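Inspection log for the structure reproduced underneath, given as structure tokens.
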Amino acid sequence: MEGNHLDSRCLDGITCRRIGKVVNFHGEVSSTNKVAREMAEGGCIDGMVIVAESQSSGRGRLDRSWVSPAGGLYLSVVLRPDVPVGKTLPLPLIFSLSVSKVISVSALVESSVKWPNDVLISGKKVCGILVESSVKGEELEYIIVGIGINVNNDLSDLDEETRTRSTTLKQEKGETIDTRELLRDLLYLLDLHYDRFLEGGTLSMLDEWSERSSTIGKKVRVVGVRGELEGKALGVDQNGSLMLNTGSRISAVSEGDCYHLD
Ligand code: BTN
């Protein structure tokens with residue numbers, strides 16, 4: 001989109017500690033997560049970012065595809081935190097918090113976070129996050145955090161089922177969004193939140209996540225690889241697992257698709 005071309009000038013005016021210090025801009029790639037993995041395998045630095053204007057084979061959670069036409073924002077971040085693998089579990093929630101906050105501040109649209117790591121506007125999905133890790137033995141090698149935001153893209157490009165539960169920032173705001181500004185503000189906040197995470201600030205960010213959550217307090221069904229569970233969402237624990245009151249017990253659920261039932 002003319003005027004919304006993503007290049008290094010998007011970074012003018014921000015200083016990043018890690019995320020955003022080095023950013024590779026692309027036109028179309030297959031998947032920014034795939035490119036990020038190649039960079040990670042090649043030994044790139046902590047915080048390296050890959051941005052693309054469209055993806056030909058964008059990937060979503062649970063082996064789904066992520067339709068990625070021009071007008072959306074697609075980026076992946078390579079992280080190499082020097083922490084035990086278990087400590088990184090809340091990162092997807094932390095980054096969905098970053099996206100939700102940036103949408104409020106830059107696009108002036110209210111959004112909520114949905115467990116585990118979606119961002120919704122008026123109950124419809126505007127952003128999805130795909131986290132992939134590489135672990136050797138007990139050691140974390142790297143994490144790739146892929147973020148896809150529906151910004152100015154056309155919902156008619158999405159398949160019918162996805163379209164009915166998705167929205168775009170443009171649609172919600174009623175005007176074209178400056179994707180360059182959105183990217184700059186997002187990198188700034190991702191970097192800030194990653195720094196807070198490394199400094200031991202996970203719990204306070206999970207509190208902020210909970211305040212913005214549209215899942216907590218709702219009756220939900222979580223469908224995961226180990227089956228499904230229904231109950232009232234009470235909150236998240238220090239790992240980002242969802243605490244469910246099933247009526248007979250309190251269970252912590254660490255993965256799955258979450259459906260809001262009320
Ligand atoms: C989801 O299923 O909700 C997660 C979608 C994640 C999409 C993003 S777009 C940038 C990055 N590259 C990919 O191929 N996927 C992620």
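The values are calculated or read from the model by the stated rules, or taken from the named source; none is laboratory data. Please read these numbers as outputs of a predicted model, since none were measured by experiment. Counting neighbours? That spans all protein chains shown, and the Cβs are built from the backbone with ideal geometry, glycine included. What goes into the accessible areas is simple: the full protein's heavy atoms, side chains included, and nothing from ligands, DNA or RNA. Shrake-Rupley method; radii C 1.70, N 1.55, O 1.52, S 1.80 Å.
Summary table below
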read-out	value
Restricting the stretch 30-45 to residues that are open to solvent by less than 10 Å² (accessible area, probe 1.4 Å) and among the hydrophobic types (A, V, I, L, M, F, W, C), the residue that is farthest from the ligand (Cβ to nearest atom)	A40
Residue that is farthest from the ligand (Cβ to nearest atom) [pool: residues in the stretch 4-29 that are in contact with a Lys or Arg (Cβ under 9 Å, 6 or more places away or on another chain) and open to solvent by less than 50 Å² (accessible area, probe 1.4 Å)]	I14
Selection from the stretch 220-235 of residues that are closer than 18 Å to L203 by Cα and open to solvent by 30 Å² or more (accessible area, probe 1.4 Å)	L234
Test for V119: is it in a strand (DSSP E or B), open to solvent by less than 10 Å² (accessible area, probe 1.4 Å), modelled with pLDDT of 95 or more and closer than 21 Å to R196 by Cα	yes
Condition check for V131: surrounded by 17 or more Cβ atoms within 10 Å (Cβ to Cβ) and either in contact (Cβ under 8 Å) with a residue 60 or more places away in the chain or of a type in the set (G, A, S) (or both)	no
Residue identified as in contact with a helix residue (DSSP H, G or I) (Cβ under 8 Å, 6 or more places away or on another chain) and farther than 16 Å from L198 by Cα among L75, L79	L75
Qualifying residue in the stretch 46-59 (condition: over 15 Å from V29 (Cβ atoms), open to solvent by 10 Å² or more (accessible area, probe 1.4 Å) and not acidic (D, E))	no
Candidate set: the stretch 181-219, residues that are among the basic types (K, R) and buried (at least 18 other Cβ atoms within 10 Å of the Cβ); chosen: the one nearest to L79 (Cα to Cα)	R184
Residue within the stretch 34-54 that is within 28 Å of C258 (Cα to Cα), assigned to a loop (DSSP other than H, G, I, E, B) and touching a strand residue (DSSP E or B) at 6+ places or on another chain (Cβ under 8 Å) present	no
Which numbered condition Y142 fails, given (1) of a type outside the set (S, T, N, Q); (2) closer than 20 Å to R59 by Cβ; (3) in contact (Cβ under 8 Å) with a residue 60 or more places away in the chain; (4) within 13 Å of the ligand (Cβ to nearest atom)	(4)
The stretch 55-84, subset among the polar types (S, T, N, Q) and more than 8 Å from the ligand (Cβ to nearest atom), residue modelled with the lowest pLDDT	S65
The stretch 73-116 - residue that is under 10 Å from the mean Cα position of the chain (by Cα) and open to solvent by 10 Å² or more (accessible area, probe 1.4 Å) and, of those, nearest to V23 (Cα to Cα)	P92
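Conditions (1) among the small types (G, A, S); (2) in a loop (DSSP other than H, G, I, E, B), marked per residue:
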{"site": "E181", "(1), (2)": "no, no"}
{"site": "L190", "(1), (2)": "no, no"}
{"site": "L203", "(1), (2)": "no, no"}
{"site": "G217", "(1), (2)": "yes, yes"}
{"site": "E255", "(1), (2)": "no, yes"}
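Here's the yes/no breakdown for (1) of a type in the set (K, R); (2) modelled with pLDDT of 95 or more; (3) in a helix (DSSP H, G or I):
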position	(1), (2), (3)
G148	no, yes, no
V151	no, yes, no
S156	no, no, yes
R196	yes, yes, yes
